[in-house]
Structure formats: C-alpha cells, structure tokens
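Here the structure is laid out as structure tokens; the discussion comes afterwards.
The values are calculated or read from the model by the stated rules, or taken from the named source; none is laboratory data. Here the structure is a predicted model, which is why all the values come from computation and not from measurement. All Cβ positions, glycine included, derive from the backbone under ideal geometry; neighbour counts span all protein chains shown. Protein only, heavy atoms only, side chains kept; ligands, DNA and RNA dropped before computing areas. Shrake-Rupley method; radii C 1.70, N 1.55, O 1.52, S 1.80 Å.
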Amino acid sequence: MNPAPESQEAAPAAPREIPKGAPVLEIRELRKSLGGKEVLKGVNLTVRQGEALVVIGGSGCGKSVLLKHILGLFKPDSGSIHIEGEDITQMHERDLFGIRQRFGMLFQGAALFDSMTVADNVSFALDEHSKKSPAEKLEIVRKKLAIVGLPGVENKYPAELSGGMKKRVALARAIAADPHFLLYDEPTTGLDPIMSDVINELIVKLKTSLRVTSIIVTHDMASARKVADRMAMLDEGVIIYHDTPENTFASDNDIVRRFVEGKASMEQMKEIWGESAGKAQESENTRRRRRPPPPAQ
Amino acid sequence: MTGALPGVAAITSILRTAGGVFTLLMETVRAALGKWPRRRVLVEQFYLIGFRSTPVVLTTGLFTGMVLAVQSFNQFRRVNIVSMVGAVVSVSMVKELGPVLTGLMLAGRVGASITAEIGTMSVTEQVDALRALATSPIRWLVLPRVAAAVLLTPILTLMADVVGIAGGTLICVGFLKVEWHFHYINMLDWLKVWDVGVGCAKSSVFGLLIALTAAYKGLNTEPGAAGVGKAATEAVVTSCILILTSDFFLTVMFAAMKPDWIR
Ligand SMILES: Nc1ncnc2c1ncn2[C@@H]1O[C@H](COP(=O)(O)OP(=O)(O)OP(=O)(O)O)[C@@H](O)[C@H]1O
Ligand SMILES: [Mg+2]
C-alpha cells in the first residue's frame, strides 16, 4: 500500500539511483599536451550528482580542452576520468557513444551543423537515439527553442542566425534529449544581459527540476554567482582553487580575487602604460574625480 | 634534413596517408555492417556525387573519344585500315581512358568538395559536435560518401565510355568518311564484355580511393581556412596518384585473373 510509485514514474528524467552529493565525475591527474605545449598539467576535479560546478580561468588556460576530455573527444596523455564509476580514458571510441548519450554539450563556438536546418540540428540526438515519432520530435524542438527564446526559427539555416542566436540554438540542441550531464562552454558569451539572465535561469531550472549535473565554463561573473554551487579555478594547467561561490567572491587568494574582480595585474599595467603605470592609474582616478557632476534634476 | 632530402619527406607523408586511409577503410567497412544513416543523408550524397558530376564526366568522355578518333585516323590512314579506328577508340575508352579519366575528373570535382566540406566541419568543431551527440563521424560523414562514390563511379564511367564511343563514331563516320558497316563490325568484334566489366571494377576502386582519401584529409585538416585549402589540394593530388598507380596493378591483376572461357 504505497502510493509513491506513480508519481515517480511521471518524473521526466530516467530514474537514478545515485543519491545527490555522490561523486559522479572524477578527474584525476589529467595531463594533455597540444601543439607541443602542456595545456593540462595534472587536473584534479570531482563533480557531485546534481551540482553545478562553475570553472573559471584565464583565456587559453585549457577550459575548453578540459570539457572535451570529459566527453572523450580528446584522449589524455595520462590520468583518468571516471564517469559514474567507469574510466572513459580507457575506452574505445565505439564504447564511448553510450556514455555520450548521457551528456549534452554546448560548444564555445556553437558548432551547429551548417548543412542542416535549426530544427534538424535541435532534434539530432532524438533522430539518432530515440524512437519518437516525427510529431513528438517537432513538439520537443518547438518547446526547446521557445525555452531559449527563439520561437519560429525552425526552418532557418545556421548561416542566417546571429552569433548569440546560434549559441542559443546550440543550447537547445544540447538539452533536447534531456541529458543527465550538461557541459556548457561559455553559455552567456555574446548574449545581451537579459538573454544571459534567461540562460542562467534555465541552467538553474535544469539543475533543480531535472537534477542535471552541470559544469559551466564562464567568464561572466554575474552568471557564475547565479548558477554556481561550487566554483573552481583553472590556472597554468591545474585547479588552483575550489570553493563555494560566496567564499570565492570573498577570497583573499590574489589570483582568484583579481580574476573575479576583473583587475589587470601590475605587470600587465606596466606592459601597457610603461613605467608610468602607477601614474596612469592615478590619472584615471583624477579624471574620474573631475567628471562634471550630474545636472540637477 | 627534409630540405636536403625532399623525397624522403614526401614518401613518409605518402606512407602515413596510405596507412590512415587503410585504417579509415576498415572503420568504414565496420560502419557499413552496422546501422546506416537516414535515407535522406544518403540520397543527398548520391545526388551530389553522382548526378552533379554527370556534365563534367560526359564532356570528358565525348572529347576524349573524338580526339582519339582523329589521332588514330591519322596513323591508320597510312596503312589503310581506317575501319579499325572505331575499334581502337572503343577498346581504349572502355579499358583505360573511360575509367582513368573519369576517376581523375572525379578526384578533382568530388574529392576536393568532400575534403573541403569535412575539413570545414572539423575545423569548426562540427565533427566534435557529431561525436558529442554520440554519432560516429565515420558512419555519418564517411560512409554515405564512400558508398555513393563506389556505386556511382562505374555508372559515370559507363556513361563516359558510351559518349566517347559515340563521339569517335561521329568523327569517323560523319567527318572522316569511314564506312559505317566496317566501323561497326570491327568495333563489335573488338569490344569485350570482360573488358567492360574490368573497367567498371577498376572505376569502383577509384571511387573508393577518391572518397576515402578525401574523407581522411578532411578529418585530419589543420585548423584554419588555409588548412582546408591545403587539405583539399593534397586530397586531389594524392587520389590522382593513387588512381594512376592502382590502375597499373589492377590491370595486371585482372589480366592474370581472366578465365579461359571468356574469349
Ligand atoms: N586542437 C588543438 N590543437 C592544438 N592546440 C590546441 C587545440 N585546442 C586547444 N589548443 C591550445 O590549448 C590551449 C587551451 O585552449 P582552450 O581552448 O582550452 O582555452 P580556453 O581556456 O577555453 O580559453 P577561452 O577562455 O579563450 O575559451 C590554448 O593554448 C590552445 O592554443
Ligand atoms: Mg574555451
């Protein structure tokens, strides 16, 4: 006499046994050289079921490369990546397809298939891996496009869309098959502030209602503040810091603080202003002080 | 070192490509044994590779047949056997010129476009996106193109043979006043079903080599627009060389295989 099962079956995502908080993704000592340069130098990172981990780090430090390793798109030189207990670095490409079906990935450059319409792009995973009818698929495509704020673009080709629109179509494609894991590579880059906030809300909603485990690479601190359960910073090929967003934004670690506040270092200032860097900073301040006061009324 | 020995570098690169193409062949065969992509994807490639190549192949065939007739006529006139020109044209077209020239034209037209398309997809991360969506690029991109090239190159070759022979006949009978009856008898006498079959088999292999080399170069394109251009050029050059060298070996092989009961 247990009334529970019915409501459980109605849940949209496949039932999952792993309790929230258990590690589902464990990266150990991951190393990778690309083009003769060691990009990842022993990355260690654990992601727990249902959490949103925000990865920050300087441009070119290897965040996108790290995400691609998680999907097995790159083979590491050494180290391991365990996904729900399986080490994917030891797997053959053929066996990775099963793992990848649990993932959705938003590529930094959208990576839409430009020979296909938006609708075909979004329904790609459904076409390939589900037995849904065309009508059902069309319904899902419409719904996902509406969620990302792009109703009615189904029959356009990617070349006809703006950069921000492509990014959102790519997001719709990533979430179309209701994956368990979502990897977002700079989801809000190139979007206006309102659309950015819509995407942030979407990330939070997917996390809370579908219990999606997400990794978000971003340079957008407002977005990080909103979606992160935990933040990690990648620098010089290793994770140098990870903590809750509150602690991260209040961190006294110099690299982290400068990054989240968006401040150039003294050396970088000198590169630009020469030895007069200090003076330049001063002149900036004086200019600010001299700015005419706003007109009354 | 490569400056001092450009030959060594070239040979290493050719061997590496050959190894890569062979591996790709194995993976394509494996993909062909599994689930094929949607029909629409296949139809599109059959259209692009087959139908769209027809004009170029027909033009090549027609002019090859005609120039062959003119050249042979000039030689054969001296020994008074102009009625043999038709036979020479048809045998040359069916055995060598049809398959090889069609192959070379397709290497330029189809090979370059396959490499450019797959190469662009790989530098814009679309190939990674395919893999991320749990779909094999071999199955989705390579298999349809290889299938279309293997099945359609022989058909295009036969079309080139036919218009070549027709062109040769037009020149001989229409302009050079060779007697139709002897022209026709000699042609039928020399044209063998076996040779037509061998021509088709060879062109199938050429189609395979073109599509595989092009796909391999596309999948291994270096980043950037320059990378795509370079890959396309290499694909065309490599597949032309592969066509010419494999033609020799295939010809020898089929000659050794020819059963006695075929006259
Ligand atoms: N396919 C590749 N071949 C060679 N080098 C690569 C390749 N992909 C990335 N790299 C190099 O790896 C480094 C990290 O690149 P990555 O794209 O991961 O940076 P990122 O942290 O995502 O930067 P951004 O914030 O600008 O997106 C860079 O130095 C880049 O040049
Ligand atoms: Mg990146």
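A few points about this structure:
- Taking label points 7 Å from Cα along the Cα-to-Cβ direction, B:ALA18 and A:ASP254 give a separation of 5.8 nm.
- In chain A, the inverse of the mean reciprocal separation of distinct Cα atoms equals 21.2 Å; this is its Kirkwood hydrodynamic radius.
- Degrees separating the helix B:54-78 axis from the principal Cα axis of chain B, which is the longest one: 30 degrees
- Two-site FRET efficiency, A:ARG142 against B:VAL43, from Cβ-Cβ distance with R₀ of 41 Å, rounded to 0.05: 0.95
- When each of A:LYS167/A:LYS263; A:LYS63/A:LYS143; A:LYS41/A:LYS68; A:LYS63/A:LYS132; A:LYS137/A:LYS166 is checked by Cα-Cα distance, pairs over 23 Å: A:LYS167/A:LYS263; A:LYS63/A:LYS143; A:LYS63/A:LYS132
- Three-way shape label, the protein assembly as shown, alpha-carbon gyration tensor, a/c 1.5: prolate
- In plain terms, the chain from A:GLU267 to A:ARG94 could stretch by 57.5 nm, reckoned as 0.36 nm per residue minus the Cα-Cα distance.
- Sum of -39500 (n - 2.57) over DSSP H runs of 4+, divided by residues of chain B (222 nm, nearest 500): -25500 deg cm²/dmol
- For the residues of B:132-144, the average number of beta carbons from a partner chain within 10 Å of their own beta carbon is 5.
- The per residue volume of the convex hull around the alpha-carbon atoms of segment B:146-197 is 65 Å³.
- With protein chains left intact and a 1.4 Å probe, residues in chain A average 51 Å² of accessible area per residue.
- Interface size B-A, as summed buried accessible area [1.4 Å probe, Å², nearest 100]: 2000 Å²
- Share antiparallel - DSSP beta bridges, the protein assembly as shown, percent rounded to 5: 55 percent
- Whole-number percent relative contact order across chain A, with pairs defined as alpha carbons under 8 Å at least 6 apart: 22 percent
- With contacts taken as Cα pairs under 8 Å and at least 6 residues apart, chain B reaches a relative contact order of 31 percent.
- Average accessible surface area per residue within chain B, 1.4 Å rolling probe, Å²: 49 Å²
- Overall form of segment A:100-190 per C-alpha gyration tensor (a/c, 1.5; a/b vs b/c): oblate
- Around B:THR17: net Lys/Arg minus Asp/Glu count, Cβ-Cβ under 15 Å: +1
- In degrees, nearest ten, helix B:112-123 long axis to first principal axis of chain B (Cα): 0 degrees
- The C-alpha atoms of chain B define a longest principal axis, and helix B:225-257 lies at about 50 degrees to it.
- Sulfur and carbon atoms: percent of accessible area, segment B:1-107 [1.4 Å]: 70 percent
- Between A:GLU201, A:GLU160, A:GLU267, the GNM of chain A built on Cα springs shorter than 10 angstrom shows A:GLU267 fluctuating the most.
- Protein accessible area in chain A, 1.4 Å probe - carbon and sulfur %: 52 percent
- Dimensions (Å) - segment B:178-227, Cα atoms, principal axes, largest first: 61, 24, 7
- Here the spin labels are modelled as points 7 Å beyond Cα on the Cα-Cβ line, and at A:ARG102 and B:GLN75 they lie 7.0 nm apart.
- Taking every alpha-carbon pair under 8 Å whose residues sit at least 6 apart, segment B:205-263 reaches a relative contact order of 33 percent.
- Sites count as exposed loop sites when they are trypsin sites (Lys or Arg not before Pro), lie in a DSSP loop, and have at most 12 other Cβ atoms within 10 angstrom; the longest stretch of chain A without one is A:132-262.
- Interface residues of segment A:80-99, defined as those with an accessible-area decrease of at least 30 Å² between the chain by itself and the complete set of protein chains (probe 1.4 Å), are A:GLU93, A:ARG94, A:PHE97.
- Remark: segment B:24-257 projects, on average over all directions, an area of 14.1 nm² (convex hull of Cα atoms).
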